[in-house]
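The values are calculated or read from the model by the stated rules, or taken from the named source; none is laboratory data. Remember, it's a predicted structure, so these values are computed and weren't measured experimentally. Note that we place each Cβ from the backbone using ideal geometry, even for glycine, and neighbour counts take in every protein chain shown. Only protein heavy atoms, including side chains, enter the accessible area calculation; ligands, DNA and RNA are left aside. Shrake-Rupley method; radii C 1.70, N 1.55, O 1.52, S 1.80 Å.
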Amino acid sequence: MGIPYSRQINAAFGQVTPLVEEGFRVLQTIKNIAILIAFVQITTVILLSLIFFALIGLLVTVNPDLQNERQRLVTPAVRWIAQYSIYIGGRVKRHWWVVLLWMLFVIGGAGFLYYTYRMKQALEESKEGLAGGEADGEDVAAIREGKSNQ
């Protein structure tokens, strides 16, 4: 009496297995999208904060009633930014090869990370292929085709 039920269970299992594999792939994609959205949200918060501080600085600069505050806050900040940008500009002109090496290092590192990510992904796909329906034995194929003696 258990034989027909075992055939039905095996047939149902054969139909559910691809759905579980696809569900796992969807979860991996959702995880990647969630990480991307988190990065976008953090970048948005940083940019909005910078815009807010720029607007406050503009308000202090334009308002004639805040002359003393402008001289004590805005002028030193703008002076520091100008001096720093001149300093960095001079160093870049003298040491352009350091900037070039740094850029090559960053591009090479990004390429290496991409390569390792792709290799890891290919390895996982090959493991899934071996563990999935492709590596079924003869008895499972016979059950699916209905040619089993169970």
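Values for this structure:
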item: Tally of residues being of a type outside the set (Gly, Ala, Ser), farther than 19 Å from residue 124 by Cα and open to solvent by less than 80 Å² (accessible area, probe 1.4 Å) across the range 6-39; result: 2
item: Sole residue being open to solvent by 90 Å² or more (accessible area, probe 1.4 Å) and out of contact with any helix residue (DSSP H, G or I) (no Cβ under 8 Å at 6 or more places or on another chain), chosen from 100, 50; result: 50
item: Residue in the range 100-120 that is farther than 30 Å from residue 55 by Cα and among the polar types (S, T, N, Q) present; result: yes
